[in-house]
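Shown below is the structure under consideration.
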Amino acid sequence: VKTEKGIEIKEVGLPEECQQAGATSAEECDKIMFKKNAPQECLDANIDTAKKCEKYIFEKSAPTDCKEAGISTMDACKKYMFEKYNGAENIPTDKLPIECQKAGAKTSQDCDKIMRAAYLPKECQDQGITDEEKCNLYLQQKNMPQECQKAGAKTSRDCDKIMFKQYGPKECLTAGIDDEKECEKFIFNKYSQQVVCQNIDEWQCQNSIQERHLGNIVATQTQFQELKNKVIYLAGESITGDKLNESLDTAKNILPLTGTSANFKIIKTAEKIILDDGDNLTQTSPMALMVDSDQDGLPDDMEKIIGTDPNNPDTDGDGYMDGVELKNNYDPTGSGGGEKNLYPAAQAIIENKELEQPKTEGKISEDLTVEAISNVSNEEGENKGYIFAGKGEPNSIMTLYFYSDLPLIASVKADEYGNWQYEFTQSLIDGEHEVYVAINDNTGKITSKSSPLNFFIKEAKAASITDIISPASSTAVPTAIESLTKYYIIIATLIIIVAILLFVSFIIQKRKTQS
């Protein structure tokens with residue numbers, strides 16, 4: 001607001017109660033509104049923020065199972081109880097917190113229905129899934145590696161045990177440990193200190209790691225360690241898909257593309273292990289891939305943006321590969337041989353800087369979005385890739401991060417209106433993926449990012465959540481009743497046909513007699 005005395009900054013849009021109380025910022029307003037609307041038990045306990053109040057009430061009313069498991073938030077508790085009892089309907093009544101009166105329940109049946117619906121995990125609610133069976137299917141597809149799905153695991157806890165049995169003993173034997181309990185202790189001590197506990201008490205975090213995430217951690221970190229042992233030395237260089245595939249053993253499971261026809265540039269990335277207060281575990285890889293078809297050290301997308309040929313390693317034909325020229329600050333396009341200015345992310349990539357990852361770094365900006373994905377098919381209906389679209393700053397150049405376990409990175413430029421579109425011409429592996437668009441500076445740091453767009457790939461095509469959680473077409477053997485029913489239908493049909501033939505024969509015979 002401009003006044004006679006100068007410029008006065010005042011936050012607008014505050015509720016009337018806050019304005020009347022003299023609040024001039026959202027923070028002051030939050031405190032005023034909290035005191036006015038907070039539960040009495042929080043006020044009696046001299047709690048002054050909504051977050052502290054939520055934690056206080058949860059600690060008082062949480063089910064014993066969640067307390068014993070060291071869980072500190074309601075969202076994490078819901079997910080834990082849902083998976084422990086294999087669905088909300090199976091949660092015993094005495095395990096539910098007393099929240100029914102607030103929801104207006106008049107009978108115990110009403111209370112059960114309300115609370116069990118409330119225990120549907122947040123992941124399902126966020127996707128609009130309200131059916132328990134479909135929620136279970138979604139969580140299995142979302143959270144379970146193929147090893148667990150093939151082994152018939154029904155919960156993430158079952159999956160964690162399966163993953164530990166598959167990967168834990170191998171690491172322990174390498175360390176000379178063959179006792180099962182000592183092995184678990186060794187694995188826990190090795191990896192628990194690497195986990196960043198985000199908004200969660202240390203003891204609760206450590207308990208969660210040991211009870212629910214240790215198998216997942218050792219499996220993923222074993223694969224990441226193989227990348228560091230066999231591939232990361234090539235960071236900043238290019239490798240063929242065949243050579244990458246041949247160099248890996250267990251880490252083949254996390255390669256993001258089907259087949260080995262693509263060639264790549266290896267990018268060094270920031271690796272982290274984070275466990276948040278929602279009991280969500282995030283592990284980021286020490287490296288990422290960028291498609292580099294001509295193996296000249298420049299990713300295809302970067303070449304399209306700066307004007308070199310992604311299918312010719314020496315665009316200007318001067319005997320020096322495009323990547324070598326850029327590293328030495330020369331123009332590989334052949335348009336004059338002068339200095340070539342690069343956008344910040346390209347500068348970081350050329351100089352082999354470590355790129356941050358949006359799964360764990362950067363602030364979300366409303367100006368950056370990933371809004372849609374669609375399939376690209378040929379005339380025969382075969383899938384030839386995917387088209388992603390979204391928004392960014394007009395004429396800006398952004399970085400796309402495609403995640404399964406091992407991320408793929410690409411560059412895309414927005415048009416003058418801020419719209420961007422990117423055609424991904426490779427086939428992603430089946431399962432859940434997510435994509436971010438981000439802005440990197442010339443050191444590799446993420447300065448801003450979008451919220452992720454989650455999507456599924458099924459049989460090489462992008463699929464909706466409905467496609468994933470819809471029960472498969474039944475191939476079950478017919479029941480005895482179904483078989484008898486079909487048998488009777490066939491017999492009845494034959495009888496009708498015979499009757500018709502007899503009737504026709506009778507008419508013909510009668511006409512012959514009359515004539």
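Would you check if there is a residue in the stretch 272-289 being farther than 30 Å from N207 by Cα and either surrounded by fewer than 16 Cβ atoms within 10 Å (Cβ to Cβ) or free of Cβ contacts under 8 Å to residues at least 40 places away in the same chain (or both)?
No, because not a single residue in the stretch 272-289 is farther than 30 Å from N207 by Cα and either surrounded by fewer than 16 Cβ atoms within 10 Å (Cβ to Cβ) or free of Cβ contacts under 8 Å to residues at least 40 places away in the same chain (or both).
A follow-up question, please. Exactly one of (1) open to solvent by less than 20 Å² (accessible area, probe 1.4 Å); (2) part of a strand (DSSP E or B); (3) not β-branched (V, I, T) is unmet by L406. Its number?
(2)
Which one is farthest from the chain's Cα centre (by Cα) among residues in the stretch 168-219 that are open to solvent by 80 Å² or more (accessible area, probe 1.4 Å) and among the acidic types (D, E)?
This residue is D178.
Quick one: in the stretch 296-336, of everything that is open to solvent by 50 Å² or more (accessible area, probe 1.4 Å) and polar (S, T, N, Q), which residue is nearest to G236 (Cα to Cα)?
N328
Which of the residues belonging to the stretch 46-85 are open to solvent by 70 Å² or more (accessible area, probe 1.4 Å) and under 25 Å from S156 (Cα atoms)?
K55, E59, T64, K67, E68, K84
Which residue out of E68, E83 is under 21 Å from H213 (Cβ atoms), at pLDDT 75 or above and out of contact with any helix residue (DSSP H, G or I) (no Cβ under 8 Å at 6 or more places or on another chain)?
E68
Of a type in the set (F, W, Y), open to solvent by 50 Å² or more (accessible area, probe 1.4 Å) and out of contact with any Ser or Thr (no Cβ under 6 Å at 6 or more places or on another chain): does that describe F164? Give the derivation first.
Details: of a type in the set (F, W, Y): yes; open to solvent by 50 Å² or more (accessible area, probe 1.4 Å): no; out of contact with any Ser or Thr (no Cβ under 6 Å at 6 or more places or on another chain): yes.
Judged against the criteria, F164 is not a match.
For the stretch 445-458, indicate whether the set of residues that are touching a residue at least 60 places away in the same chain (Cβ under 8 Å), farther than 28 Å from K252 by Cβ and among the charged types (D, E, K, R) is non-empty.
Looking through the stretch 445-458, at least one residue is touching a residue at least 60 places away in the same chain (Cβ under 8 Å), farther than 28 Å from K252 by Cβ and among the charged types (D, E, K, R).
Quickly run through the stretch 249-261 and pick out the residues that are open to solvent by 10 Å² or more (accessible area, probe 1.4 Å) and either touching a residue at least 60 places away in the same chain (Cβ under 8 Å) or not acidic (D, E) (or both).
Once the filter is applied, which keeps residues that are open to solvent by 10 Å² or more (accessible area, probe 1.4 Å) and either touching a residue at least 60 places away in the same chain (Cβ under 8 Å) or not acidic (D, E) (or both), the stretch 249-261 yields T250, K252, N253, L255, L257, T258, G259, T260, S261.
Right, next: Could you please let me know if F402 is touching a residue at least 12 places away in the same chain (Cβ under 8 Å) and in contact with a Leu (Cβ under 6 Å, 6 or more places away or on another chain)?
Details: touching a residue at least 12 places away in the same chain (Cβ under 8 Å): yes; in contact with a Leu (Cβ under 6 Å, 6 or more places away or on another chain): yes.
Yes, satisfied.
Which ones in the stretch 136-158 are free of Cβ contacts under 8 Å to residues at least 40 places away in the same chain and among the basic types (K, R)?
K150
Another question about this same structure. For the structure I just gave you, tell me whether V435 is within 16 Å of the chain's Cα centre (by Cα) and on the phi < 0 side of the Ramachandran plot.
Spelling it out, V435 is indeed within 16 Å of the chain's Cα centre (by Cα) and on the phi < 0 side of the Ramachandran plot.
Oh, and also: Quick one: count up the residues across the stretch 156-183 that are among the small types (G, A, S) and in a loop (DSSP other than H, G, I, E, B).
Number of matching residues: 2.
The values are calculated or read from the model by the stated rules, or taken from the named source; none is laboratory data. All values reported here derive from a predicted model rather than from experimental measurement. Cβ coordinates were reconstructed from backbone atoms using ideal geometry, including for glycine residues, and neighbour counts include every protein chain displayed. Side chains are part of the model used for accessible areas, which takes the heavy atoms of the whole protein and leaves out ligands, DNA and RNA. Shrake-Rupley method; radii C 1.70, N 1.55, O 1.52, S 1.80 Å.
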